[in-house]
Amino acid sequence: MTFEGHHFGLPPPAMGRSYPKPFPSIISLILIPLALLALIYLFLYPKDLELQYSLVVTTCGPSLPPSSSNFIGPVTPKPDFRLLIGILTRADLYERRHLLRLVYSLQPRLATAHIDIRFVFCNLTKEDQRVIVALEILRYDDIIILNCTENMDNGKTYTYFSSLPELFNGTDAAGDDRPYDYVMKTDDDTYLILDNLAVSLKNKSREDMYYGFVLPCVSMDPFHDYMSGMGYILSWDLIEWISTSEMVRNRTVGPEDRLTAEWLRDGNKAKNRYTAKPAMYDHPDSQPRSFCRHEFVPHTILVHKVKNNLNWARTLKYFNATDGLKPSKFYHIS
Ligand SMILES: *[C@@H]1O[C@H](CO)[C@@H](O)[C@H](O)[C@H]1NC(C)=O
Ligand SMILES: *[C@@H]1O[C@H](CO)[C@@H](O)[C@H](O)[C@H]1NC(C)=O
Ligand SMILES: *[C@@H]1O[C@H](CO)[C@@H](O)[C@H](O)[C@H]1NC(C)=O
Ligand SMILES: *[C@@H]1O[C@H](CO)[C@@H](O)[C@H](O)[C@H]1NC(C)=O
Ligand SMILES: *[C@@H]1O[C@H](CO)[C@@H](O)[C@H](O)[C@H]1NC(C)=O
Ligand SMILES: *[C@@H]1O[C@H](CO)[C@@H](O)[C@H](O)[C@H]1NC(C)=O
């Protein structure tokens, strides 16, 4: 999933897949007038972008999700920053991925940040995974399969961070020397409000930066202890450092969030640190009772431990996710 201002679409690699193509002259015959139309529309009706682009895109290729496009590329101003969000999950959790795609594709986005969301897991091990995950990739192209055996505290986060420089090698944004400014590690029981996150990151340092929910729960000092694994962000320079440091490579086994802080401490890194409290917290109903939980608050960035559908529903309800639903004789929801 790619989010940029109002629009959301596939990352560049997805566009490179080869479908049978019409002749180039036909493509340009169709696309140039469409591009002009889209440009005019962009100036007249900036709020309706998503609809417009979904119309444009369906003419480009049947295998793209309806609201996706790279079409906006040339007319998009440079984003404030580029953020890669890796949701660490397991191959079998199809339904959770479905829910998360739904939730994030419907979130309103106003901030001018470029945000890509990827689901991250280790090697597939089963016959059904090899087919169903392949279908997901064909449809969404938002999955990264790392070279590891599925685990939680046995180096998966290290493999994630340290694989990124090579995975994204050569995909630097135009005029930039790195593919992303920030990389986030988060979990599949975490709900993010992308716009609030984007606003919060706007004035933060782009270098040597470590951002999240500092533990212990009551602490407000990001320079001690560590950021909770519910969701933390590192600047790209630290990702590059992690991928090359021998000290880090030697220490990959243990609770991943605490280890990350130990690497940074022993490497004398992350001079810029921020804790996003109280905008990050555990779900108010999370069990067992967590000291890091509190009631929902309006400017939330992240809710963690959203474990079951009822918790998801209450979270989404509070944040007005269903407000856009129009009355219709085709359904009754009450
Ligand atoms: C994948 O990981 C295994 C075990 O750690 C290693 O032997 C192998 O070289 C790795 N393969 C690649 C392509 O990196
Ligand atoms: C993961 O799968 C790849 C390709 O099948 C294989 O080369 C690699 O050794 C596996 N890695 C691990 C850690 O099992
Ligand atoms: C990126 O690609 C360049 C050119 O192929 C290569 O020299 C460099 O080592 C690669 N960097 C990483 C981190 O893989
Ligand atoms: C960023 O902006 C917020 C709200 O305007 C402010 O409270 C905070 O101090 C700023 N942070 C930095 C690092 O400038
Ligand atoms: C990493 O571990 C190896 C083998 O145990 C050791 O020789 C080396 O000094 C360690 N490097 C660092 C930077 O700790
Ligand atoms: C949800 O909508 C209600 C009614 O419009 C509004 O009062 C409330 O502030 C909104 N909640 C959030 C979290 O935006």
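When the chain is fully extended, how far beyond the present Cα-Cα distance does Asn203 get from Glu166, taking 0.36 nm per residue of separation? Walk me through the numbers on the way to the answer.
Details: separation 37, 0.36 × 37 = 13.32 nm, distance 2.81 nm.
Contour length minus Cα-Cα distance gives 10.5 nm.
Keeping all protein chains in place, calculate the accessible area per residue for segment 81-318 (probe 1.4 angstrom), answer in Å². The partial results should precede the final answer.
On the way: 10770 Å² over 238 residues.
With all protein chains present, segment 81-318 gives 45 Å² per residue.
Give me the distance in nm between label points sitting 7 Å out from Cα along the Cα-to-Cβ direction at Asn308 and Glu246, one decimal.
If labels sit at Asn308 and Glu246, their model points lie 5.1 nm apart.
Within segment 203-291, report the trypsin sites (Lys or Arg not before Pro) that DSSP leaves as loop and that have at most 12 other Cβ atoms within 10 Å.
Of the trypsin sites (Lys or Arg not before Pro), the ones in loops of segment 203-291 whose Cβ has at most 12 other Cβ atoms within 10 Å are Lys271, Arg289.
Return the ratio Rg/(2.2 N^0.38 Å) for segment 275-314, where Rg is computed over Cα atoms only.
1.07
About its Cα centre, how strong a charge dipole does segment 81-318 have in debye, to the nearest 20, once Lys and Arg get +1 and Asp and Glu get -1 at the Cβ?
Numbers: 30 positive and 33 negative charges, 123 e Å.
That gives segment 81-318 a dipole magnitude of about 600 debye.
Reachable aspartates and glutamates from Lys204, Cα under 17 Å, same-chain residues fewer than 8 places away excluded?
Partners within reach: Asp80, Asp181, Asp195, Asp221, Asp237.
How much of the accessible area of segment 164-307, probe 1.4 Å, is carbon plus sulfur, in whole percent? List each step's numbers first, then the result.
Details: 3260 of 6380 Å².
Percent of accessible area from carbon and sulfur atoms in segment 164-307: 51.
To the nearest 10 Å², what's Thr322's accessible area with a 1.4 Å probe?
Per-residue accessible area (Thr322): approximately 80 Å².
Could you list the GluC sites (Glu not before Pro) in segment 243-334 that lie in coil according to DSSP, counting only those with at most 13 other Cβ atoms within 10 Å of their Cβ?
Values: sites: Glu246, Glu256, Glu262, Glu295; in loops: Glu295.
Those that pass, being in a loop and sparsely packed, are Glu295.
Quick check on segment 152-195: what does the Kirkwood estimate of hydrodynamic radius come out to from the alpha carbon pairs, in Å? Mind showing how you got there, number by number?
Working: mean 1/r = 0.0797 Å⁻¹.
For segment 152-195, inverting the mean 1/r across all distinct Cα pairs yields 12.6 Å.
Measure of size requested: the Rg and Dmax of segment 81-318, with Cα atoms as the atom set and Å as the unit; please supply both.
Radius of gyration, then largest Cα-Cα span, for segment 81-318: 17.1, 48 Å.
If the viscosity is 1.306 mPa s and the temperature 10 °C, what translational diffusion coefficient in µm²/s does Stokes-Einstein give for segment 87-206 when Rh comes from Kirkwood over Cα pairs?
Working: Rh = 15.8 Å.
The estimated diffusion coefficient comes to 100 µm²/s.
For the pair His299/Arg265, report the inter-label distance in nm, with labels modelled 7 Å from Cα in the Cβ direction.
Rounded to a tenth, the inter-label distance reads 3.0 nm.
Which number comes out as Rg/Rh for segment 98-160 once both Rg and the Kirkwood Rh are worked out on C-alpha atoms? Don't skip to the answer; put the middle values down first.
Details: Rg = 14.1 Å, Rh = 13.6 Å.
Answer for segment 98-160: 1.03.
The values are calculated or read from the model by the stated rules, or taken from the named source; none is laboratory data. Keep in mind that this is a model prediction, so the values were computed, not measured. When we count neighbours, we look across all protein chains shown, and the Cβ atoms used for this are built from the backbone with ideal geometry, even at glycine. The accessibility values were calculated without ligands, DNA or RNA, using every heavy atom of the protein model including side chains. Shrake-Rupley method; radii C 1.70, N 1.55, O 1.52, S 1.80 Å.
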